[in-house]
Amino acid sequence: MTAVPALPAVAKAPVSALPSTLEAQLRQDYKLAILLAFDRFKEASGDALTPARHKFVGFYNARQIDVPDWVRAASPTISMSTLERWAKARATGDAAGLAGRYGNRKGTGVLDSAVMDVKSYMVAVLVENPNLSMQAVRRLLVQRFGEDLELFDGTSRPMPSERRLGVLWQDWKAKNRQLHLALTNPDEWKNRHRAAVGSYSEGIERPNQLWEIDASPADVMLTDGRHSIYVVVDVYTRRIMVLVTKVPRTSAVLLLIRRAVLAWGMPEAIKTDNGSDFVSREAERAYFVLGAAHPTCTPYSPEQKPHVERAIGTVQHSFMPLLPGYVGHNVAARQAIRSRETFAARMGEADADVFQAQLTGLELQNLSDTWVENVYQHRPHEGLGDRTPAALAESCAGREARLVDERQLDLLLMPAPDGGDRAVGKKGIRVENADFWAVELIPHINTGERFDVRLDPEDMGRVWVYRSEPFEFLCIAENPERAGLSRAALAAEAQALQRQFIVAGKAALRSAKKKFTAHELADALIGKPAATVTALPTAAPPPVAALPPPVQPSAGVIAAQRAVTAATPTVSRPRDDAEQARTADIARRIAAPATPAEKPEDRWWRRAQDIEARIAADAEVSEEDLDWLHTIETAAWYRARKNDAARKAAFARAVE
């Protein structure tokens, strides 16, 4: 084997410039080392240039030329043309030629050099149709641009092969990862790449200043089907509350708000998206009567309520996987859980069986409350400076605006039938094919004035009536049949009170009429000086109440307080003493109707209860009593009282 002297320092090689990267430097160094080894081999052999190259290449590839290990690792073999090209680059001082022009040809391929923008068209097609094969893509490109592409230098080249097009597509995706994700999966791009320099909690300085509410299908299959969860978060303290519901709807939103208000206090603002359960008339009314602003997110912008989005994610990813019946948070996870059993084992099984559902909706609610109270509320939160929601909430105790009475909140969040907007007719207010009446409605019969009506969830025989502008409690109206009242007696009382109301009104007008004469009225109309005309008495304009600050009770809360305490409405005092006495008597009867004398229905109801009690105790019951009981069982008042008693008994059992 021909011995080769030790190599001198490579840095002395005659090149014009040094490469710009370590990889390029390595490529230049090993090529210079091999060229120097060839120079010494040729000098020692005494052969001409071409024969010497042939011999050197053969010896080098047979590993009979001694070179450093790093040179051999960089270039295990060489060829005649390679050795000749390297020698030419060294002779001309072409450092880039020895370092390798990697990257110098980027952007000079056929698609980049084509006169037509073929590459952009290919990218657009694949972004819209990512599952297209390269064979189909090339066929589309050929149909649109032809088999041969005209280049900027005046030449033409054939359309790249399918394999080359695939390489170009992968190269484009690698260089444009963020753009590709934004085009193909905008939601994922928002999560990964969208700049988040600002903060949606900026300016939140106190508890209950802003709540965020959102909903999501629960990632747990229950024995009574899959449910949804609603989550509310107080942005300042990061406290959360979870509500499990079978069907997402406004009533669930109101129930969650009720629970949160009782636990945390009154909110100043509640932020939601534009889902129908959040922006329905019933929901908007609830925000209004609570005195809470209701900002909504721009459509398809969940990042505008990030706190509740993260809270739901925490519930779904940290709590739900611990429960039996977990179905996964996405299709891939769900399919992985399904695949734990063979297809044959899953054949014919319901989802509840496949996912091994064991919990009911009520059990999931109880477990959620326990997890929130014992785990979530005591986790340090980065957004709170590593404090826990429970600790921060405790430090803010006493700063929340709270309701005085829980019953007030029940009134505010009562369901409204078909929007709740009603007028008063001759038979009262009609709700769900039934007429509801109260003497307080007499002045409003067929006036066109609209009222806000709420259903009483505990008694289907009555509704709660509120004025709309301003929002204030008016009365409780009852349906005679459902409440077990005598419609005839009620009608007689209503007509008597209405006559008194009209008589009092006429008397007040007669009193006012005495204050002017016909000629004075004519003088006023034709523009005589005001000094000669006795001014007509006018009522003072109602005082305008300033909107209370957020921490003060809202108009809705005040209305609820009046409903709970059954406030007596104010009646103006007439001038005449006799008229004053009659009007005061009407006011007393309207505000607090006297307890009516015992009705026949009351006696019949007691007799019916006595007979039924004796039947239940197997005591002796006469044929006359049995026949009488069978006769009244079909009466409307009896069925109404019977249903009311059954509802109250069921409610008492539920409370126990």
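The values are calculated or read from the model by the stated rules, or taken from the named source; none is laboratory data. All of these numbers come straight from a predicted model, not from anything done at the bench. As a convention, Cβ positions derive from the backbone with ideal geometry for all residues, glycine included, and neighbour counts pool all protein chains shown.
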**Request:** State whether one or more residues within the range 400-414 are at pLDDT 75 or above and not small (G, A, S).
**Result:** no
**Fill in**
Pairs returned, first residue in the range 605-616 that is in contact (Cβ under 8 Å) with a residue 24 or more places away in the chain, second residue that is of a type in the set (S, T, Y) and surrounded by 13 or more Cβ atoms within 10 Å (Cβ to Cβ), beta-carbon separation under 8 angstrom, 6 or more apart or interchain, are W605/Y638; A608/Y638
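If I filter the range 285-292 for residues that are farther than 27 Å from L367 by Cα, out of contact with any Ser or Thr (no Cβ under 9 Å at 6 or more places or on another chain) and basic (K, R), do I get at least one hit? Write out each step before concluding.
Of the range 285-292, the ones farther than 27 Å from L367 by Cα are 285-292.
Those left that are additionally out of contact with any Ser or Thr (no Cβ under 9 Å at 6 or more places or on another chain): 285, 287.
Applying the additional criterion that residues be basic (K, R) yields 285.
Yes, there is a match, as at least one residue in the range 285-292 is farther than 27 Å from L367 by Cα, out of contact with any Ser or Thr (no Cβ under 9 Å at 6 or more places or on another chain) and basic (K, R).
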**Sole residue being touching a Leu at 6+ places or on another chain (Cβ under 9 Å), of a type outside the set (D, E, K, R) and not in a loop (DSSP other than H, G, I, E, B), chosen from I312, I270** = I270
**the range 355-381 residues that are closer than 16 Å to A263 by Cβ, paired with ones that are of a type in the set (D, E, K, R) and at pLDDT 90 or above (beta carbon under 8 Å, 6 or more apart)** = Q377/R239
**Request:** Could you please let me know if L362 is of a type in the set (A, V, I, L, M, F, W, C), modelled with pLDDT of 70 or more and surrounded by fewer than 14 Cβ atoms within 10 Å (Cβ to Cβ)?
**Result:** yes
**Request:** Pick out the one residue from V220, V232 that is at pLDDT 85 or above and closer than 29 Å to A397 by Cα.
**Result:** V232
**Message:** Give me the residue from the range 284-303 that is surrounded by 15 or more Cβ atoms within 10 Å (Cβ to Cβ) and at pLDDT 85 or above and, out of that set, nearest to L255 (Cα to Cα).
**Reply:** Y287
**Message:** Of everything in the range 256-278, what is under 15 Å from T237 (Cβ atoms) and without any contact (Cβ under 8 Å) to a residue 40 or more places away in the chain? Give them in sequence order.
**Reply:** A263
